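Taken together, the values in this text are just the output of simple stated rules run on the coordinates, not laboratory data. A quick note: this is a predicted structure, and the numbers were derived from the prediction, not measured. FYI the Cβ positions are ideal-geometry reconstructions off the backbone, even for glycines, and counts take in every protein chain you see.
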Amino acid sequence: MIPPTGMTSVKVFGSPTSAEVARVLTCLFEKQVEFQLIRVDTYKGQKRLPEYLKLQPFGQALTFEDGKLTLVDSRDICRHVAEKYAGQGTMNLLGSGTLERASIEQWLQTEAQSFDPPSSALIFNLAFAPLLKLEQDEEVIERSKKKLNMVLDIYEQRLDEAQYLAGDKFTLADLSHLPNAQRLVENKECCSLFTSRKNVSKWWETISKRETWKRVVEMQHEPPHAFYQKMVSYDRMETLLEEALKIHGRDKKGRKILRIVGKFFPARELMAGGKGGEEVLRDFLERKVFPELGGAPFVVVYMHAYVQRSENFPGVAALRSVYEALPAAVRDGIRAVYFVHPGLQARLFFATFGRFLFSSGLYGKLRYVSRMEFLWEHIRRGEVEVPEFVQEHDEELEHRPLMDYGLVESDHHHRAFDAPAMDSAASMYSLRCIS
């Protein structure tokens, strides 16, 4: 399954619409391996995720990472997954003995060398060329059909002897055919290549009904995330997050500080991507923030000055989702959250709804800081970088005595640890009141 957190060691970079990626995703689902999918557009020419390009500098359609191991060939990845995770999920995808393994490898080689080339050529010319406004190569189409007919004739004979290509069990030999076969069956010019052959048709109907493959097909048809729709590049997203989230300095107790500048937070871009945006944020935290914290206690300094609801604030529901998806060790490591320049409306909002929208542990750690001078009581002046516009806003507040609440604990701090964590339709509460 795709896990709710970003802490799994298995990552897949690519798009489910790619045959290579789809092959790997199906294998991971079959073996019940938790993984994180980092979607990278193959066709639209957007800039690739920098971390992905470090792994695969030539920008191929697929990169697979399992701990320190990096692979780019989908069939090699499937072999690795089937071997490493042999004891879970669908058993014996690579066979249970030497003879079975040899038979599976033979059919994997047939798929890679005889089935894949003509089927890929047909898919490109019949499905993708029109979308890319390229001229279809009729000669290639006809030649590929002839080659594929010959291959499927062999399959028809083999499947008259066994239910699956390598015997009576579903294996990688069958799985590897799924992505291209799906495209061909969906195409009116190629569908008969399968349906006209009784054994091949029955085989395809059987393997294509597997829940693991149906899940991949659903992923291929999901609405694309914001970085597909609006071409928001990963490197821009990374730059914005690096401005907004930094480990910088220590408080007076020697704990590291996670400084968050609300004005720099790319909420509009992230939240336009729905779950994909949350995925990008979690991946950034995992790669750039958590390692620097090193598992030690830390404090958060959040600077709220000039935050605009439509630009910089993702919404309470999204914040809650991201917070609850953090590893328990990270959540437990938070010792205090200093909310700098909250404004009266923000304080009233969290005083009213905070206990219900966040866990009692987090809510009890919230500290309001109306002026920077109160922050320096807990953090040495100059220890944390403060943007110029935050300093200017702080000077403006000197002339607003009604806003000068100093540093206080959250309004229900004395009751927070007894309050149960409650689920709530957080989306009901718009952030009109957090401005």
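Structure above, values below:
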item: Residues Phe339, Phe389 arranged by fewest to most Cβ contacts within 10 Å; result: Phe389, Phe339
item: Largest to smallest principal axis extent of the C-alpha atoms in region 77-153, angstrom; result: 48, 27, 14
item: Near-label residues of region 116-136 by backbone N, under 20 Å of a point 7 Å along Cα→Cβ of Thr195; result: 119, 122-123, 126-127
item: Extension gain (nm, one decimal) between Glu211 and Glu388, 0.36 nm per residue minus Cα-Cα; result: 58.2 nm
item: Proxy reagent accessibility, fewest Cβ within 10 Å first, across Glu105, Glu83; result: Glu83, Glu105
item: Ranked Cys190, Cys78, criterion: other C-beta atoms within 10 Å, fewest first; result: Cys190, Cys78
item: Karplus (6.51, -1.76, 1.60) ³J(HN,Hα), θ = phi - 60°, over region 26-39, in Hz, Gly and Pro reported as x; result: 4, 5, 5, 5, 4, 8, 6, 9, 6, 8, 10, 9, 9, 6
item: Two-site label geometry, Lys253 and Ala86: point separation in nm, points 7 Å out along Cα→Cβ; result: 5.0 nm
item: Value of D in µm² per second that Stokes-Einstein yields for region 117-208, Kirkwood Rh from Cα pairs, at 37 °C (0.692 mPa s); result: 240 µm²/s
item: Listed residue pairs exceeding 31 Å between alpha carbons, taken from Lys84/Lys198; Lys11/Lys256; Lys146/Lys169; result: Lys84/Lys198
item: Relative packing of 166-177, 253-264, which averages over residues the other C-beta atoms within 10 Å, highest first; result: 166-177, 253-264
item: Modelled label reach - Met150, point 7 Å along Cα→Cβ, region 187-212 residues with backbone N closer than 19 Å; result: 193-194
item: Inter-site label distance for Tyr323 and Glu243 at 7 Å from Cα along Cβ, in nm; result: 2.6 nm
